[in-house]
Amino acid sequence: MKNKEIFEIVIIGRGGQGAKTASQFIAEAALGEGKKIQAFPEYGPERAGAPMKAYARISDKIITTYAPVVNPDIVIVIDPTLINPKVVENLTEEGVLLVNSPKSADDIKKQVGFNGKVYTVDATKISIDTVGKNLPNTPILGAFVKLTKVIPLEAVKNSVKGKFLKKLGEEKTKSTIKGVEMAFEAV
């Protein structure tokens, strides 16, 4: 982690796209590394397809705030249709914007008017190629790990295994993890 007590994450997506699950994977992976964590969603209208945010915090110390993340270290956008200048409102130029998009980082920078660090990864294509479905929330975690280095890739893979092995079986779990690894390599 940076020289900051709490590393804060905002994940933007639509209801049903897995932003909440992605925040939980991040938190569980960090917890497995002995960190203190929080992960929670913020819903507007509670329906599938409605824009929503999920948050995660990682720290070496006990986290005493329970408010939504206001000044994130990274903003992850799972649904590229939600890209607009508001997604970077409170993101400083030291922060990172990570977007699931086939567009270039320069295209996204122009679209949102942000001069900080912007990265893109086509997590949608990766998920379709690996698991046969549009589930970009898990692959994008690989890019998150590589860009932030707040948790190791192995910790995220273990978190995915813990959630999916019994539920989906070994083959689908391996495919999901392959997507995480591909996004890690893609940024």
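Readers should treat all values here as calculations from the given coordinates under stated rules, not as data from a laboratory. Just so it is clear, the structure is predicted and the values come from calculations on it, not from any experiment. Backbone-built Cβ (ideal geometry, glycine too); neighbour counts: all protein chains shown.
Which value, in debye to the nearest 20, gives the size of the charge dipole of segment 52-179 about its Cα centre, when Lys and Arg are +1 and Asp and Glu are -1 at the Cβ?
480 debye
Computed across segment 76-187, the Kirkwood hydrodynamic radius from all distinct Cα-Cα pairs reaches 14.3 Å. When shorter helices are ignored and each DSSP H run of at least 4 residues is given -39500 (n - 2.57), the per-residue value for the chain at 222 nm works out to -12500 deg cm²/dmol. Computed from the C-beta positions of Glu5 and Glu171 and an R0 of 30 Å, the FRET efficiency is 0.15 to the nearest 0.05. Which FRET efficiency value, to the nearest 0.05, is calculated for Lys103 and Glu181 with the Förster distance at 30 angstrom and r the Cβ-Cβ distance? Taking R0 as 30 Å, the efficiency between Lys103 and Glu181 is 0.85. For the cross-link pairs Lys20/Lys61; Lys103/Lys163; Lys110/Lys146, which exceed 27 Å when the distance is taken from alpha carbon to alpha carbon? Among Lys20/Lys61; Lys103/Lys163; Lys110/Lys146, the Cα-Cα distance tops 27 Å for Lys103/Lys163.
I need to check one value: relative contact order of segment 1-83, counting alpha carbon pairs closer than 8 Å and at least 6 residues apart, in percent. It comes to 43 percent, rounded to a whole number. Entry note, segment 6-186: relative contact order of 21 percent, from Cα contacts under 8 Å with a spacing of 6+ residues.
Note on the chain: Cα-only Rg and Dmax are 15.2, 44 Å.
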